[in-house]
1. Estimate the FRET efficiency between A:GLU116 and A:GLU274 by the formula 1/(1 + (r/R0)^6), using the beta-carbon distance for r and 35 Å for R0, to the nearest 0.05.
2. Obtain the radius of gyration and the Kirkwood radius of region B:53-128 from its C-alpha atoms and give Rg over Rh.
3. So, in nm, how far is label A:LEU167 from label B:ASP159 when the simple model puts each one 7 Å beyond its Cα toward the Cβ?
4. Run the simple label-point estimate for A:ASP7 and A:PHE138 please: 7 Å along Cα→C-beta, distance reported in nm.
5. Compare the Cα positions of A:ALA318, A:THR86, A:PRO165 along the charge dipole of chain A (+1 at Cβ of Lys, Arg; -1 at Cβ of Asp, Glu; about the Cα centre) and return the one farthest towards the positive end.
6. When a footprinting reagent is the concern and you count Cβ atoms within 10 Å, what order do A:TYR156, B:TYR126 take, fewest first?
7. Just rank A:THR11, A:THR350, A:THR148, fewest to most, by other beta-carbon atoms within 10 angstrom.
8. Work out how much length A:ASP108 to A:LEU15 would gain on full extension: take 0.36 nm times their residue separation and subtract the Cα-Cα distance, in nm to one decimal.
Amino acid sequence: MSSTSDDLGQTIRTLAQRLGASLGDAARGLAEYALRRRLRVAVTGLSRSGKTVFLTALLHNLHLAARLKEGQTGHLPFFDPVAKGTLEDVSLWPIDDLPAFPFLPNLDRLLDTPPEFPPSTTGLSGFGAALRYRPQGFLGRQLVDSTTVEIEIVDYPGEWLLDLPLLERTYAEWSAATLRLAETGARATLAGDWRQIDPDAPASEDALEQARLSYTTWLQACREPPLNLSFLQPGRFLRPGGGIDLAALRFCPLSLAGEPKRGSIAEAMRERFERYKATIVRPFYETVFSGFDRQLVLVDVIGGLNAGAESFADMRRALAGVLQSFARDDEGLLARLFRSRTEKVLFAATKADHVTANQFHNLRLLLRAMVADDTGQLPAVGAETDFAALSAIKCTANRRVLYQGQQITVLEGVIKGRRETEQLFPGEIPEHLPTPEDWAADRFRFYDFVPPSLARDRARGIPHIHLDKALQFLIGDLFW
Amino acid sequence: MNDTVRIKPGILPTGAATPIPGAVVEPEPSLPAVLQAAAVPDLGRPRRGFRWGRALVASAVLLIAGIGIIDAGVWIDDLFVRSTALGVVGTALFGAVAAALLGFAGSEYRNLLRLRSAQGIRDQGYRLAQSAGTFEGRGFMADLVKLTSASPAGRALCDDFRDALADTHDDREALQLFERIVLRPLDELAYGAIRRAARDTAVGASISPVGGLDAAIVLWRSMRMVREIAEIYGLRPTRLSLFALVRRMIVTAAFSVTTDMVGDIVGAHLGGRVAGLVSGKLAEGIYAGVRTGRLGILAIEQCRPLPFAADDRPNLRQLVSQSLGSLIASAAPETR
């Protein structure tokens with residue numbers, strides 16, 4: 001009697017234990033699911049801002065982040081999960097519904113001997129990273145041993161952001177503004193067939209295509225040296241990206257006097273302009289742009305300084321256009337249409353390794369001045385905004401030297417197009433927008449450098465400047 | 001600055017510049033007299049005229065030394081009268097004692113100076129950490145590294161820090177890195193020392209059969225803990241400098257707000273639940289443990305070269321409950 005009851009008791013106890021264990025497992029699974037976070041980080045920037053290199057270095061260093069130790073190249077000491085040693089593992093994966101960012105081919109080029117900068121990308125692409133870490137917060141620590149933050153890093157051309165202002169304009173308004181701009185400064189020196197188009201000429205697909213080609217060529221010439229301009233609309237003419245209706249791009253600015261005639265090329269272009277807005281610009285904002293939680297905008301401030309006053313001013317104009325995309329003053333129609341969920345925006349001046357470390361502070365201040373309006377006021381963005389100076393791949397080293405009786409910090413590296421390591425005094429970055437005297441004095445001449453050789457070693461990180469701080473600002477708060 | 005020629009940007013001709021080795025990442029150690037003079041605050045009261053107390057101590061020491069030397073002289077002279085060999089032996093013995101005494105005094109004095117300079121570094125660290133602007137702190141970083149490298153655990157961590165510090169990090173970042181890479185692990189070690197000491201004193205005080213013995217145990221164990229903590233942060237104190245450190249701790253504690261937290265803790269720990277469960281002797285032990293824990297935190301605050309970040313402060317309640325929790329738990333059922 002007592003033995004059977006003991007057996008029964010034993011069985012019940014075992015069952016209860018099993019039930020308890022599986023309930024515990026389920027609870028832990030649930031907690032892990034609840035703590036798991038996934039978000040989209042966008043990386044953008046006008047062409048030549050170093051987006052591709054940035055993404056390649058970021059993904060590579062992130063991939064190695066849990067394994068690299070202090071002092072190893074590519075280590076991220078200012079990224080909290082790394083600093084606290086709570087990051088366990090990072091894995092990378094392509095995102096399902098996006099073209100994959102060509103991470104591995106780009107990495108191969110960077111690690112090659114001699115190393116090469118990867119080619120720039122032209123469209124929308126992305127890559128995912130899953131960061132597994134041990135939670136440190138009170139709640140997280142009680143619930144799970146480790147959990148995962150998944151970030152989808154999406155890269156898109158900053159040129160596309162310049163299209164947002166088009167949504168508020170009619171074809172006539174846009175044409176007038178663009179023509180006015182085309183008659184000023186360096187733009188006026190460039191000839192283009194599109195300037196001669198007669199708005200009243202009969203429309204045909206051939207003529208429209210001719211106009212598109214001519215205008216695209218003109219925009220490209222504006223973008224290339226020696227002009228180096230940035231405020232070039234519409235952005236898709238330069239960076240079309242995949243999967244769009246190219247027929248919608250068949251337009252260019254025309255000088256209109258009154259309502260276009262029926263069947264004229266002007267009327268056809270007006271129709272294309274509207275189609276462009278409706279089928280390309282609007283969907284990009286509605287389906288892609290509004291889905292970003294964090295945004296990083298790369299700006300080639302140093303390139304802008306090198307290119308001279310007009311190009312620099314144009315870059316500022318383009319930045320203002322970019323900023324309109326983020327601005328959220330509640331009055332604008334656009335603001336209400338595209339209330340993006342972006343919580344943080346980081347503007348970063350790239351290629352910080354072109355100047356000495358003591359100039360980073362000024363570089364940040366200058367970038368801030370570029371983004372701000374003329375009174376120094378930052379537009380209301382509605383997201384936490386910060387500024388940074390960074391370099392995705394650090395090509396130079398800082399050295400203290402005695403030169404002409406003064407102690408100065410110089411850069412040491414191999415200047416692009418040369419072979420030997422040389423020392424260079426790069427000069428100073430102004431903390432305010434450069435004055436006309438600054439431009440006249442020919443102050444800015446920053447050299448490009450050859451990337452350091454990483455000897456095809458994939459276990460080595462890529463030396464960087466403040467990549468970790470940017471990462472900490474963008475996603476550091478996700479790690480509890 | 002104004003009279004120097006502005007150097008034009010450009011590539012420097014080969015051989016035109018003389019390298020200043022390591023100047024950016026790791027400058028020459030600069031433990032300057034200026035820094036010490038500026039950094040060590042005068043903890044004492046404002047100077048009053050003639051210091052009679054000091055004069056008394058000095059004259060007494062001189063008197064005793066004089067008596068000793070005269071006595072020894074007479075004694076050695078006496079020995080020489082008896083036999084030259086005895087005299088030589090006596091002189092040698094006295095000489096050895098005198099040399100050892102001098103050496104001892106010298107090393108203690110050096111150690112005191114070291115402690116003073118370490119505290120100068122600490123005071124500067126506190127100031128730098130609170131200052132808002134950018135600072136030229138590379139020389140200070142070298143001092144910090146040199147100080148902390150004197151600790152056995154700190155040496156390896158300082159190597160890590162040196163590795164992690166890049167030429168592109170500014171001074172503030174260097175300070176942050178030092179905090180993250182070197183100080184946090186050292187803090188953990190110090191907390192461990194506090195936990196052990198709190199446990200030991202609690203156990204010692206609760207099982208000591210005689211009244212005076214527990215006080216002696218607590219004193220001895222606490223001093224050992226303070227020395228351990230000082231060593232963890234690279235201070236390497238000896239007798240006198242340990243005494244000086246403890247004195248400074250007490251002076252600071254007397255003026256700081258943290259004094260009150262002990263009442264808090266004891267209340268939280270001994271109030272109601274626990275106090276009702278444990279015997280009077282054990283409660284005494286726990287009280288001693290809590291006090292040791294508090295002393296330990298004061299010691300950390302005196303030895304740590306940089307102030308704690310706001311969210312990083314040591315939590316006495318947590319520390320003590322970690323080390324005493326098991327004690328309370330193990331004791332509680334027995335007393336029931």
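1. Values: r = 43 Å, r/R0 = 1.22.
Efficiency, rounded to the nearest 0.05: 0.25.
2. Values: Rg = 19.9 Å, Rh = 15.6 Å.
Value, to two decimals: 1.28.
3. 5.8 nm
4. Result for the modelled spin labels: 5.0 nm.
5. Farthest towards the positive end: A:THR86.
6. Details: A:TYR156 24, B:TYR126 15.
Ascending number of Cβ neighbours within 10 Å: B:TYR126, A:TYR156.
7. Working: A:THR11 10, A:THR350 27, A:THR148 18.
With the sparsest Cβ surroundings first, the list reads A:THR11, A:THR148, A:THR350.
8. Numbers: separation 93, 0.36 × 93 = 33.48 nm, distance 5.58 nm.
Taking A:ASP108 through A:LEU15 to full extension adds about 27.9 nm, to one decimal.
Bear in mind that the values in this text are calculations on the coordinates, not laboratory data. These figures come from a predicted structure and were not determined experimentally. Because the Cβ atoms are built from the backbone with ideal geometry, glycine has one as well, and the counts that use them run over all protein chains shown.
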